[in-house]
Amino acid sequence: MPGSPDPAPPELASITARAPAKVNLLLQVGPRRDDGYHDLVTVFQAVSLHEEVTVTPADEFGITVEGVGGTDVGGVPLDGTNLALRAARLLAERAGVDRAVHVHVRKEVPVAGGMAGGSADAAAALVACDSLWRLRLGLDALAELGAELGSDVPFGLHGRTAVGTGRGEHLVPVLTGASSAWVFVLAEGGLSTPAVFAECDRRREATGHDAPPGRLEAVEAALRGGDVDALGAALSNDLQDAACALDPALAGTVAAGRRAGAVAGIVSGSGPTVALLARSPAAARRLALDLEPLFGAERLRTATGPAPGARVLEAVSTPSPGGRS
Ligand code: C5P
């Protein structure tokens, strides 16, 4: 109305956003490209293990990291290479924001586990800063920035279930007829993603085998029909043999999961986390209990998918001085 401008929105003291981990239901790796990446055909599913990122206005950019539910955060960088911090800085730079934030990450996703925990940190940091700075850039613009930070960041923003192509950054949603229940078995260490891709290349050169034929249709049909047995049969990961070669305990972990009643077991992404598919959330809890004597509770997580993509959980406003009314 003329003469009565909208009151200025309150200053925000902090924003907390969350983003999900992922498992690859299908991971077909093409030949190595000139830029060092591999063209992929993958089906991502976001699962209910989350990273939470809180951004707070600060004089300069900084980062702290905390493990949740026993997550070991020893390997997470606390310098300028941290992906959440890089995400905040990149967004500020591109949007012309001359303010800094402190980024606090609460990690529930295993570190260097093949579940895109670092990418989820970046996705949550983008969403949190976009909200704190009131940029309202929208999902597509954030995903474009995210792709500069890492191949899995756009999926962390979108969530649910999607086919990824290119480096994994081009996404098309997939219809799912049912949710999936998972048990994740954490490994005792991590694996480096570039090392696993390089081992995959090396094995292919040594054996003369190229990428195996496509199984995308089988995964999509199983998802559409909500058919857990068909999904279990269709799960496949071209990086699995390479991950198992670099971490020889993995093959035994998959086999132990199958013996304990999992519908199927697969290495998650570049590993070394193993994803076991169960018939229902209750069956996943039973499976995790049955595997406890073998792996210990601290190495087992249950989750469901698909989970939503990155979103704001909480916005804390600064109380206005003098209580303006
Ligand atoms: O994109 P991001 O930084 O997550 O990738 C980490 C590494 O994984 C890359 O440096 C590359 O070695 C490997 N990679 C690949 N092909 C992809 C995605 C990742 O070779 N499509």
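Residue 170 falls short on exactly one of the conditions (1) open to solvent by 50 Å² or more (accessible area, probe 1.4 Å); (2) under 20 Å from residue 273 (Cα atoms); (3) in the same structural domain as residue 53 (by TED's automatic domain parsing), and that condition is (2). Listed by position, the strands (runs of 3 or more DSSP E) enclosed by region 243-325 that each have at least 2 residues that are among the polar types (S, T, N, Q) are 300-305. The number of residues in region 26-62 that are open to solvent by 40 Å² or more (accessible area, probe 1.4 Å), within 16 Å of the ligand (Cβ to nearest atom), touching a Lys or Arg at 6+ places or on another chain (Cβ under 7 Å) and in a strand (DSSP E or B) comes to 1. When every residue of region 185-198 is checked against the conditions, at least one turns out to be in a strand (DSSP E or B) and either open to solvent by less than 20 Å² (accessible area, probe 1.4 Å) or aliphatic (A, V, I, L, M) (or both).
Out of everything in region 105-136 that is out of contact with any helix residue (DSSP H, G or I) (no Cβ under 9 Å at 6 or more places or on another chain) and away from the ligand (no atom under 16 Å from the Cβ), what residue ends up being least open to solvent (accessible area, probe 1.4 Å)? My answer is 132.
The values are calculated or read from the model by the stated rules, or taken from the named source; none is laboratory data. Since the model is a prediction, treat every value here as computed from it, not as a measurement. Quick reminder, even Gly has a Cβ in these numbers, built from the backbone with ideal geometry, and neighbours come from all protein chains shown. All accessible areas refer to the heavy atoms of the entire protein, side chains included, with ligands and DNA or RNA removed. Shrake-Rupley method; radii C 1.70, N 1.55, O 1.52, S 1.80 Å.
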